[in-house]
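I have placed the structure first, in the form of structure tokens, so that the comments after it can refer back to it.
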Amino acid sequence: MTLEDLYREVIMDHYRRPRNRGTLGEANVVMEGVNPLCGDEIKLWLNIDDAGVITGASFDGHGCSISQSSASIMTEAVIGKPLADAHTVIADFRGMMLEGEAPDELLLGDGVALEGVRKFPVRIKCAVLSWNTLKLGLDEHAAGGGQRVELQHSET
Ligand code: ZN
């Protein structure tokens, strides 16, 4: 089994058995993201506590396997993390996908499996959709001083 096969398995596993799928009742950040190019849609729920820790994250949506598995992987990567650490993870993933930077495997976990998507530039937006949506939600949450956030994001 090549590394590429292994990564494909990881992506399909998250697609078939998504982690943290479904609504999060006590969410204080609710975001919707769409990627019109591919028809991907995701909804994200986050619970950020008063200490600035992401205590819960979940998603729902439909679209291609890359978009949905990436959202599943993303929730696993940020749950339990302080906001500063979550931003570090987001920056690492986006750096890998958008700039071709070497990922930090410990930080990204299964996220490294999506690196191969770079070979198909039209699919990169599928992979970054949930991460870009999350980043906007966190930025808005910070800008609003921790107020409840609801927003929509569209990849263009
Ligand atoms: Zn897609």
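Tabulated data for the structure shown
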read-out: Helix axis angle, 65-78 relative to the chain longest principal axis, alpha carbon, degrees; value: 50 degrees
read-out: Residues residue 105 and residue 142, FRET efficiency given R0 of 35 Å [Cβ-Cβ distance, rounded to 0.05]; value: 0.80
read-out: Computed FRET value (nearest 0.05) for residue 5 with residue 85, which takes r as the C-beta separation and R₀ as 22 Å; value: 0.10
read-out: Kirkwood Rh and Cα Rg combined as Rg/Rh, region 101-156; value: 1.06
read-out: Listed pairs 43/81; 43/125; 43/119 exceeding 18 Å between Cα atoms; value: 43/81; 43/119
read-out: For the chain, the Rg and Dmax computed from alpha carbons only, in angstrom; value: 14.4, 48
read-out: Portion, in percent, of the accessible area of region 3-154 that falls on carbon or sulfur, probe 1.4 Å; value: 50 percent
read-out: Solvent-accessible surface ranking, highest first, for 92, 104 at 1.4 angstrom; value: 104, 92
read-out: Dipole axis of region 1-43 (+1 Lys, Arg; -1 Asp, Glu on Cβ), positive-most option in 15, 1, 39; value: 15
read-out: Heavy-atom surface of the chain, accessible at 1.4 Å and reported per residue (Å²); value: 49 Å²
read-out: Relative packing of 3-12, 69-78, 44-53, which averages over residues the other C-beta atoms within 10 Å, highest first; value: 69-78, 44-53, 3-12
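The values are calculated or read from the model by the stated rules, or taken from the named source; none is laboratory data. Because the structure is a prediction, the values reported are computed rather than measured. In this analysis, Cβ positions are derived from the backbone assuming ideal geometry, glycine residues included, and neighbour counts consider all displayed protein chains. To get the accessible areas, we keep the full protein, side chains included, count just its heavy atoms, and leave off ligands, DNA and RNA. Shrake-Rupley method; radii C 1.70, N 1.55, O 1.52, S 1.80 Å.
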